[in-house]
């Protein structure tokens, strides 16, 4: 196997592992608190709770693939560097949102936090688009899901005070 191929495999593996680790850590930090859906009123279109980890796993893999696609441009394109910054910030916001929502049950602050997360995702996608369009396209499901999460979060806040 060529050295470049090995390097690409390593970059993609690490890039996918990072968001998956964020998801696993988030799950560990919120363990025992995610059964919240049995205790609260949820808005229409709320998916069953078993669907969330499935969707997030797919999204984390897509996030990692996009990051790997952009990584190789980081030294030659300022948009790539900026995109990776926004992406890293979005991972932090993603992680903290779970704690605000599930552990602390601070639904309104969690919603406001989610709006900032959505902003960071959109900024990431715009930067990705300016560097390598396929990387940006892979993030469309993430934007849609984050917006849907915002709807659910706000609906839960309204329905549960």
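Starting from 0.36 nm per residue, how many nanometres of slack lie between residue 1 and residue 159 once their C-alpha separation is accounted for?
Value of the extension gain: 51.2 nm.
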field: Cα→Cβ-extended label distance, 7 Å offset, between residue 85 and residue 58, nm
entry: 3.3
message: Quick check: the distance between the Cα centres of segment 71-147 and segment 9-38, to the nearest angstrom?
response: 15
query: At 222 nm, what helix-only mean residue ellipticity would the chain give, in deg cm²/dmol to the nearest 500, using -39500 (n - 2.57) for each DSSP H run of four or more?
result: -26000 deg cm²/dmol
statement: 1/(1 + (r/R0)^6) with r = Cβ-Cβ of residue 108 and residue 20, R0 = 25 Å, i.e. FRET efficiency to nearest 0.05, evaluates to 0.30
message: If R₀ is 25 angstrom, what is the calculated FRET efficiency for the pair residue 75 and residue 96, using the beta carbon separation as r and rounding to 0.05?
response: 0.25
field: Among 1-12, 50-61, 115-126, the order from most to least packed when residues are scored by Cβ within 10 Å on average
entry: 115-126, 50-61, 1-12
query: Using a basic spin-label model with each label point 7 Å from the Cα along Cα→Cβ, how many nm lie between residue 115 and residue 37?
result: 2.6
message: For 81, 39, which order do you get if you count the other beta carbons within 10 Å of each Cβ and list the fewest first?
response: 39, 81
message: Taking R0 as 45 Å, what FRET efficiency do you get between residue 13 and residue 45 from their Cβ-Cβ distance, rounded to the nearest 0.05?
response: 0.80
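Send over the per residue convex hull volume for segment 39-80, Cα only, as a whole number of Å³.
111
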message: I'd like the orientation of helix 140-160 relative to the chain: the angle between its Cα long axis and the longest Cα principal axis, in ° from 0 to 90, rounded to 10.
response: 20
task: Could you work out the relative contact order of segment 11-130, using alpha carbon pairs under 8 angstrom and six or more residues apart, expressed as a whole percent?
output: 33
task: Return, for the Cα atoms of the chain, the radius of gyration and Dmax in Å, separated by a comma.
output: 16.7, 59
- request: Give the order of 142, 128 when sorted by the count of other beta carbons within 10 angstrom, beginning with the fewest.
  value: 142, 128
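Laboratory data are not the source of any read-out in this text; all were calculated from the coordinates shown. Computed from a predicted structure; not experimentally measured. Note that we place each Cβ from the backbone using ideal geometry, even for glycine, and neighbour counts take in every protein chain shown.
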